[in-house]
Amino acid sequence: MARRLRPPEGPRAKPRRSAEPAAPQRRPLRWLLRLVPSLIVGGFVVWVGLFILYAPDLPDTDALFADAEQARVTLIAADGSVFAERGSSGTAYVRLGEVSPILRDAVIATEDRRFYSHFGLDLRGTLRALLSNLQAGGVVAGGSTLTQQLAKNLFLTPERALRRKMEELILALWLEARLSKDEILELYLNRVYLGAGAYGVEAAAQRYFGKPAAQVELAEAALLAGLLQAPSRYAPTGDLERANRRAATVLRLMVETGKITAEEAASARAAPAGLATAGGSEMAGHYADWVLDGLTEHLGKPERSWVVRTTLDQRLQRAAERAVAQELAPYPGIEAAVVLLDGSGAVRAMVGGRSYRTGRFNRAAFGQRQPGSAFKPFVFLAALEAGWQPGDLIEDAPFTVAGWTPANPGGRHFGRITLEEALARSINTVTVKLSEEVGVAEVAERARLLGIASALRPVPSLALGTSEVTPLELTAAYQPFATDGWRRPVFGVERVSDAAARVLYQHRPTEVQVVAPVIARQLQGMLASVVRTGSGRAAALADRQAMGKTGTTQGNRDAWFVGFSGEMVLGVWVGRDDNQPMPGITGADLPARIWARIMRETAPPDLMAGLSPPQAKPTTREQGEAGEAYILHELKRWLDSFLGATN
């Protein structure tokens, strides 16, 4: 065996390094772990301090179960007459045992799947929501428990502030200490807002399905639970298809939590919930729903009876409903929507469909459809602002852009024609050519400035109205054409007061000049030619001048006439809910006839001022302040849309 060599000895010998690793340095993680107990104790002390700080303001729970029914909301027309009532018409407070078990399961699976195991604050759910929002770069999930939501609904305002969030957490813990889980769930199901002016599951079940909450079935339960995320957005009266898409998500969550089987979910998706027909006939039903949804979004649930003075003109509303019913009688399966505004932006009449009794979907406010040629005035507006004149000549000839060749109605071309004639004849090639010259983005920007809030795709076909809009926003966007360029936001409520006559809300007129008066008058002349000699002749009025534009989409799936006389602006849409073609129906006939029938019922323009309280012409300073307020309003609406709604 070889002898092991020894290391040299003596003063020059180097010490042998140990094979053992050096003692580890104190790591930051270990240091932080040692701080955890101190942090917990400190957090507890802070929490107790906050609880003591807010404790004197905590309400008494004895009154929480005292409400037997919803507050009554009375809607009155512009002349002071009552036209609708909502609320305490027998919609009682229901006990938890009177709510369908499948509906209770749907709510818990959707909103708070650990409801029965947490103490009012779900730490795991809050952390998960925070991570989801960080990953998405925005608000895509909420971490509030049912108890926190109840605390907010019962005691707090919608204000988004740190103080309000702290109050919400403290109130949630207080509710958990004072009430049982079943009592909390019972209160929540009776207090939560579910769209269309309905508070509580009993009111919503009656409103949407014509049955008590105890009889709600799986597909209906999923639809109701889906409304909790965004009641106004998902309300089936606004968009039944979107509501059922949301319901499908709820069904998936119920499968994940074991509340139902995959087979039960598939069966419910195959037979989605539908809306019950309304009992009897209700004048201005779609209008009333639209007003109440807006009020609830801004004022919250009425704790006492409200009296809402609206802008509705009952005579014009009856005229609009009568015109729709009579003109659509020969056309089964075809629906219509009507919006009538005055120069102040007040909605004087709204028809959301053929009949409110047979269908509560409000096509006027929520129906997204292609406007077709009714969008063309925004193209010609952009051209006029770019320096074109109504009498300027332009070549109507085959034209190709980005591999697409727009075709004229009937395939005809007219050679060199004026811009005014091109709009009157609704020439597609000229419209697209103008749009490309001024810029598609500029056309979209002009439309947005005038009131189009829906997404506008910046593609060449935008000029021909291929981006979907609602009748309400398209009609409102025509308003500046009628008012020499002034845009005034649409509104339906003049004032809200409570039972003690205290004013809770008062409309404040706002306006901003979005089109130069000279340009607006040029466009008025061009739109008058549409009715006088062009595609809108069926909308002509015998006693006064009418101005407007027809619109027909590909395959005759949508037909429009939007126009004005004086400062009264009226939009009419006709189509099928399933988006199938309507052979032979164009904007030049059925919508134009409905438009003319309704407009004939309005007084001459110089007498229309009687519909609204006379308002003094604002000073230059007031106009500037109003313009600033309007810009801030639009900025807030854009931010809300960009960031997403939070509950």
Filter segment 92-107 for residues that are within 10 Å of Asn190 (Cβ to Cβ) and either touching a His at 6+ places or on another chain (Cβ under 7 Å) or in a loop (DSSP other than H, G, I, E, B) (or both); the one that is modelled with the highest pLDDT is Val99
Open item on the list: Kindly evaluate Asp543 against the criterion of being in contact (Cβ under 8 Å) with a residue 60 or more places away in the chain, farther than 20 Å from Arg532 by Cα and surrounded by fewer than 16 Cβ atoms within 10 Å (Cβ to Cβ).
Closed with: no
Among residues of segment 469-497 being in contact with a Pro (Cβ under 8 Å, 6 or more places away or on another chain) and not in a helix (DSSP H, G or I), the residue surrounded by the fewest Cβ atoms within 10 Å (Cβ to Cβ) is Asp484
Filtering segment 589-601 down to residues that are buried (at least 24 other Cβ atoms within 10 Å of the Cβ), closer than 16 Å to Ile334 by Cβ and either modelled with pLDDT under 95 or among the aliphatic types (A, V, I, L, M) (or both) yields Ala592, Ile594
Given the criteria out of contact with any Gly (no Cβ under 6 Å at 6 or more places or on another chain) and either over 28 Å from Pro509 (Cα atoms) or without any contact (Cβ under 8 Å) to a residue 12 or more places away in the chain (or both), does Tyr331 qualify? yes
Within segment 413-466, restricting to residues that are hydroxyl-bearing (Ser, Thr, Tyr), closer than 23 Å to Pro398 by Cα and in contact (Cβ under 8 Å) with a residue 40 or more places away in the chain, the one that is surrounded by the fewest Cβ atoms within 10 Å (Cβ to Cβ) is Thr466
Of the residues in segment 252-299, those that are among the small types (Gly, Ala, Ser), over 15 Å from Asn362 (Cβ atoms) and at pLDDT below 90 come to Gly274, Ala276, Gly279, Gly280, Ser281
For Arg457, the lone unmet condition from (1) closer than 18 Å to Ala520 by Cα; (2) assigned to a loop (DSSP other than H, G, I, E, B) is (1)
- Task: With respect to Gly80, determine if the residue is on the phi > 0 side of the Ramachandran plot, assigned to a loop (DSSP other than H, G, I, E, B), modelled with pLDDT under 75 and more than 24 Å from the chain's Cα centre (by Cα).
- Result: no
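Take the residues in segment 500-532 that are more than 24 Å from Val443 (Cα to Cα) and charged (D, E, K, R); name whichever of them is nearest to the chain's Cα centre (by Cα).
Step by step, filter segment 500-532, then rank; the result is Arg508.
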If we keep only residues of segment 488-522 that are basic (Lys, Arg) and more than 17 Å from Leu384 (Cβ to Cβ), then the residue modelled with the lowest pLDDT is Arg502
Across segment 247-300, the tally of residues that are part of a helix (DSSP H, G or I), of a type in the set (A, V, I, L, M) and within 26 Å of the chain's Cα centre (by Cα) stands at 10
Expected output for segment 226-251 (first residue free of Cβ contacts under 8 Å to residues at least 24 places away in the same chain, partner of a type in the set (Gly, Ala, Ser) and part of a helix (DSSP H, G or I), Cβ below 6 Å, 6+ apart or cross-chain) is Arg246/Gly226
When (1) touching a residue at least 60 places away in the same chain (Cβ under 8 Å); (2) out of contact with any Phe, Trp or Tyr (no Cβ under 8 Å at 6 or more places or on another chain) are applied to Arg207, the one that fails is (1)
| Selection status of Ala205, crowded, with 23+ Cβ neighbours inside 10 Å and in contact with a helix residue (DSSP H, G or I) (Cβ under 8 Å, 6 or more places away or on another chain) | yes
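Report whether or not Gly534 is in contact (Cβ under 8 Å) with a residue 40 or more places away in the chain and on the phi > 0 side of the Ramachandran plot.
The answer is no for Gly534.
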Given the conditions (1) in contact with a helix residue (DSSP H, G or I) (Cβ under 8 Å, 6 or more places away or on another chain); (2) within 14 Å of Ile598 (Cβ to Cβ), every one holds for Glu264 apart from (2)
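The values are calculated or read from the model by the stated rules, or taken from the named source; none is laboratory data. Owing to the predicted nature of the structure, the values given are computational and were not obtained by experimental measurement. Glycine gets a Cβ as well: all are built from the backbone with ideal geometry, and neighbour counts include every protein chain shown.
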